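The values are calculated or read from the model by the stated rules, or taken from the named source; none is laboratory data. Since this is a predicted model, take the numbers as computed values, not measurements. Cβ placement follows ideal geometry from the backbone for every residue including glycine, while neighbour counts extend to all protein chains displayed.
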């Protein structure tokens, strides 16, 4: 019943024009990274409101059905609900069950916004003071989305001034072919630099000449103009 009510609430806010635009934005056309994804055109703030209403009452077994739906907004709402459940959980057992659920359904976390809305808040938060082997397994995998989960999960660590895993995973992904990984790695490097400029600078000095251009641009976005130009011209 929760699932149907969630869909009803989301469908009330569906925008056909937005639904027509979103497949292009998320590359859902044949051959795109989001091929086959379906959209109804619901804004994220609406999804967050719906998630807040239902996260206490919906079970993980119900949530599994929602997370496996072909409609993108349903999957994102399911992940927002899962984040709410994780953040409000009171026991280790609850948190572990949510993380296991997340990993069991990771193949449905299959677009960049789905990863970015959940990876650090669930997996990163859970692994902060635990072994992080699974992040390295994901980084070394052949799955674009697992690789993005690996680097984005470390955002939780970065916000707590722990940078080693972010830099190690960035190194693994340095020669990746896809711009979604270039952007994600560059973003995380930039976040490191906002908190510890020297750590980012040293990493970039060692690696920037072999970096994809987009990754470098994202990483140095907040640098002073003169230093940014030096990096772009290969003069550091």
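Side notes on the structure shown:
- Test for residue 97: is it more than 22 Å from residue 155 (Cβ to Cβ), surrounded by 17 or more Cβ atoms within 10 Å (Cβ to Cβ), modelled with pLDDT of 95 or more and out of contact with any helix residue (DSSP H, G or I) (no Cβ under 6 Å at 6 or more places or on another chain): no
- Residue that is farthest from residue 173 (Cα to Cα) [pool: residues in segment 114-140 that are over 14 Å from the mean Cα position of the chain (by Cα) and surrounded by 14 or more Cβ atoms within 10 Å (Cβ to Cβ)]: 126
- Residue satisfying condition, being at pLDDT 95 or above and more than 24 Å from residue 184 (Cβ to Cβ), within set 77, 91: 91
- Qualifying residue in segment 106-113 (condition: out of contact with any strand residue (DSSP E or B) (no Cβ under 8 Å at 6 or more places or on another chain), surrounded by fewer than 17 Cβ atoms within 10 Å (Cβ to Cβ), in contact (Cβ under 8 Å) with a residue 60 or more places away in the chain and within 30 Å of residue 176 (Cα to Cα)): yes
- Every test in (1) more than 30 Å from residue 78 (Cβ to Cβ); (2) in a helix (DSSP H, G or I) is passed by residue 137 save one, and that test is (1).
- One residue stands out among those in segment 1-27 that are surrounded by 15 or more Cβ atoms within 10 Å (Cβ to Cβ) and without any contact (Cβ under 8 Å) to a residue 24 or more places away in the chain: the one that is nearest to residue 145 (Cα to Cα), which is 27.
- If you go through segment 184-200 and pick out every residue that is farther than 20 Å from residue 119 by Cα and surrounded by 19 or more Cβ atoms within 10 Å (Cβ to Cβ), you end up with 2.
- Between 181, 122, the distinction of being part of a helix (DSSP H, G or I), at pLDDT 95 or above and over 19 Å from residue 80 (Cα atoms) belongs to 181 only.
This table checks each residue for (1) farther than 27 Å from residue 56 by Cα; (2) free of Cβ contacts under 8 Å to residues at least 40 places away in the same chain; (3) in a helix (DSSP H, G or I).
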site	(1), (2), (3)
84	no, yes, yes
95	no, yes, yes
98	no, yes, yes
146	yes, no, yes
151	yes, yes, yes
162	yes, yes, no
170	yes, yes, yes
175	yes, yes, no
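- Taking the listed residues 19, 14, the one that is outside any helix (DSSP H, G or I), at pLDDT 95 or above and out of contact with any strand residue (DSSP E or B) (no Cβ under 8 Å at 6 or more places or on another chain) is 14, with no other qualifying.
- Matching residues in segment 49-82 - criterion: being touching a strand residue (DSSP E or B) at 6+ places or on another chain (Cβ under 8 Å) and within 18 Å of residue 149 (Cα to Cα): 72
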